[in-house]
Amino acid sequence: MGRLDGKVAIVSGGARGQGATEAKMFAREGAKVVLGDVLDEEGKQVEAQINESGGDATYVHLDVTREDDWRTAVETAVGRYGKLDILVNNAGILIRKGLEDTTVEDWDRIMGVNAKGVFLGTRQAIPAMRQAGGGSIINISSTAGLVGSPDGSPSYTASKGAVRLFTKSTAIQYAKERIRCNSVHPGPIDTEMIQDTLTDPARLEQRMQRLPMGRVGTPEDIAYGVLYLASDESSFVTGSELVIDGGTTAQ
């Protein structure tokens, strides 16, 4: 018996990295999954992999900054699978620039995907979850949503801080409707997003000095935490921060 048997989930940014791992894990645990991304070819490959291995997944084109795309994603979940129980706002971008090098366009773009995208997805999902009698929203923030970093991107940090507090506000306002909302705060994870760090020996060494466990995380490390928050095992957990960072923010 799967930990998500009978549940229907939407995962944004599901074409690769953490999102693809989360979608595959959810399907293995019994959920029917709608995965959305702007990377259509990769997204359709993940859909095929899930379906070929006995799961049930549907890929939709999802630009998280577009309200119409979110409407389509939710309508697909409800229309195809009958309801919506879980939303993982996983899509995110990183623009690695210092404060004075960050353009207004950079700021608007990162806020659009990382903060506005979470808002739009949550707003669209709540009526469907209300109809289903409750649900679980998991917003992927970052350790950058908790603390600053000497070589961090201020725009990225601001966007992930916004996700953290938007999560708490959502949790409080919808708790009585049995709609839970929590944030996950990964440390450095071995995905496309930080390949520039992982392939630069000097930058990697600097990063490792701030990592008590001495290794970067895997997408599975994060997906297992997201799975817990999506499942009924976390039924008394809302407005909370799940930090999965190898001890980085403990120091």
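Only Lys, Arg, Asp and Glu carry charge here, each on its Cβ (+1 for the first two, -1 for the last two); on that basis the stretch 104-251 has a dipole of about 680 debye about its Cα centre.
To the nearest 20 Debye, how big is the dipole of the stretch 8-244 about its Cα centre, given +1 on the beta carbon of each Lys and Arg and -1 on that of each Asp and Glu? Walk me through the numbers on the way to the answer.
Details: 25 positive and 32 negative charges, 173 e Å.
It comes to approximately 820 debye.
In this label model, ARG96 and LEU165 are separated by 2.8 nm, measuring between points 7 Å along each Cα→Cβ vector. Along the stretch 13-26 the Karplus relation, 6.51 cos²θ - 1.76 cosθ + 1.60 evaluated at θ = phi - 60°, assigns HN-Hα couplings of x, x, 7, 7, x, 4, x, 5, 5, 5, 4, 5, 5, 4 Hz to successive residues, with x for each Gly and Pro.
You can think of it this way: the chain between GLU105 and THR218 has 37.6 nm of extra reach, that is 0.36 nm per residue less the Cα-Cα gap. Dipole of the stretch 8-244 (Lys/Arg Cβ +1, Asp/Glu Cβ -1, origin at the Cα centre): which of ALA27, GLY134, GLY13 lies farthest to the positive side? Going by the Cα projections, it comes out as GLY134.
So what is the 222 nm mean residue ellipticity for the chain from helices alone, if each DSSP H run of at least 4 adds -39500 (n - 2.57) and you divide by all residues, rounding to the nearest 500 deg cm²/dmol?
-13500 deg cm²/dmol
FRET efficiency for the LYS83 to ARG203 pair, using the beta carbon distance and R₀ = 51 Å, is estimated at 0.70. The gain in end-to-end length when the SER235 to ASP5 segment is fully stretched comes to 81.3 nm, 0.36 nm per residue minus the alpha carbon separation.
Amide H contacts of CYS181 (H built 1.01 Å from N, in plane; Pro and chain starts excluded): ILE137, GLY239 sit under 5 Å, all sequence-distant by 5 or more or on other chains.
Every number here is computed from the coordinates shown, using simple stated rules; none is lab data. Quantities reported herein were computed from a predicted structural model and do not represent experimental measurements. We place every Cβ from the backbone using ideal geometry, glycine too, and count neighbours over all the protein chains shown.
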